[in-house]
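To keep things clear, I will list the structure first and then write my remarks on it.
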Amino acid sequence: MRQKVLAVFGTRPEAIKMAPLVKELLGRDTLQTKVCVTAQHREMLDQVLQIFQIVPDYDLNIMRKGQSLSEITTRVLLDLDSILTQEQPALVLVHGDTTTSFAAALSAFYNRIPIGHVEAGLRTYKKDSPYPEEANRQFVDAISDVFFAPTEQCRQNLIREGKKAEQIFVTGNTAIDALQTTVDLDYHSEITDWVGKSRLLLLTAHRRENLGSTMEEIFRAVRRVVQENEDVKVVYPVHPNPAVVSTAEKVFHGCDRVLLTKPLDVVHFHNLMSRAYLILTDSGGIQEEAPHLGRPVLVLRNTTERPEGVAAGTLKLAGTAEESVYESVSQLLTDSTVYGQMSRAVNPYGDGHASRRIADEIVRQLLQSDGSR
Ligand code: UD1
Ligand code: UDP
């Protein structure tokens, strides 16, 4: 009988980075692969499932407007239990650091099912930054059995924490695999028409620790930059969290060179990234994609668990205070030397074959465990 793998994910970034791996696993005939989505995100998850043509075997449909972390955790735990009992997978795969990842891993652990953690070992070692992701990924790593670390630095973090070297595999990040299928040199859209010859600043912001006054400061800095630079336009696909939408609408009201849109599907978004003059973001995944595309990123945070992009020169921490964000953006609009230094494509997150490496290792381990029964 073929060994079964159950991939569980629920938010946009997990889906984008699990999609290439799910496709790869579905192509391996020595395995049976099933997909369970929690739908911690609804519309933003569905956009990704549609683009990558993934039809889940299970959909927990848990999202509620303004949901709390406890609500997400308990709903996933309660709903996943019966699925794990019924399916009895040989391995549960989770990704990254969301509350879906944490709760799905905990559920597998309670059901005594081995866990494979994709994107393991990222750390800031500051438990509130980002919140709650830093704690989530440490919780997941504490109970995982196989660690797919995107970089050597992540592997070192895991080794320092006492994980065994033979449990850890450095694979690259599957975000780069996804980029191979989305970026199109001939891309053109209503948004690129709107931007025209202006310099495009692509903005995203959604972190829970930035909600409220911190996010307002970030937006005020962007508004000042736009008011002072006539050749600059901002595209901001607003995260549907009601707390983000209200702040964005309040601060950018009346700014006609700031385009607030609904979340863009990943094909549009990756192509806009590749055309942007500059990206401003508090996102995690965008910090992995931008170095590959050679687009400079100002990270709207004080810490990052992705130091490789900072070391490579593509990412710079701009903080979250209005003045520091304003100064950092203004510098990149006026200083062509600094801008040029940040605009080189580098590859700290792999070569676009992470999914193949992860699938190879899963097949090897599961065939081995089958043979040893
Ligand atoms: C979650 C993850 C975060 C990740 C982010 C990616 C946790 C704790 N946080 O944060 O790590 O960076 O996703 O975007 O797991 N909403 C919709 N439709 C959607 C998605 C969200 O309406 O498709 C709204 C809902 O009101 C929801 C709210 O956004 O309650 C917040 O979503 P939630 O998943 O709880 O938190 P995120 O901030 O998205
Ligand atoms: N992204 C997207 N559409 C958007 C904004 C982002 O497809 O409008 C993609 C982006 O390219 C990256 C992922 O979503 O692959 C990042 O997700 P997000 O910022 O929501 O979460 P994080 O990475 O911070 O956990």
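Comparing ALA311, ALA120, ALA104 in a Gaussian network model of the chain (Cα springs below 10 Å), the most mobile by mean-square fluctuation is ALA311. For the chain, take the longest principal axis of its alpha carbons; what is the angle in degrees between that and the long axis of helix 69-87, to the nearest 10 within 0 to 90? Approximately 30 degrees, to the nearest 10.
Computed from phi, the 3J(HN,Hα) profile of the range 336-347 under the Karplus parametrisation 6.51, -1.76, 1.60 (θ = phi - 60°) reads 5, 5, 4, 4, x, 5, 8, 9, 8, 6, 9, 10 Hz, with x in place of Gly and Pro. Along its first, second and third principal axes, ordered by size, the chain spans 69, 40, 39 Å in Cα coordinates. Remark: the range 62-118 is approximated by an ellipsoid whose semi-axes, taken from the C-alpha gyration tensor as √(5λ), come to 20, 13, 8 Å, largest first. Between amide H atoms placed 1.01 Å from N, distances below 5 Å from LEU259 occur with VAL234, VAL235, TYR236, all of them 5 or more places distant or on a separate chain. What separates the Cα centres of the range 97-122 and the range 307-369 is a distance of 24 Å. Across the range 249-366 the C-alpha pair distances fall into 5 Å bins from zero in the proportions 2, 10, 17, 19, 20, 13, 8, 4, 3, 2, 1, 0 percent.
Taken over the range 1-130, lysine pairs spaced eight or more positions apart, or on distinct chains, with alpha carbons under 30 Å apart number 11.
Counting beta carbons within 10 Å around each of THR303, THR151, THR174, THR261 and listing the fewest first gives the order THR261, THR303, THR151, THR174.
Here, each number is a calculation from the coordinates, and none is a lab measurement. Predicted model, so just to flag it, every value in this text is computed and none were measured. Backbone-built Cβ (ideal geometry, glycine too); neighbour counts: all protein chains shown.
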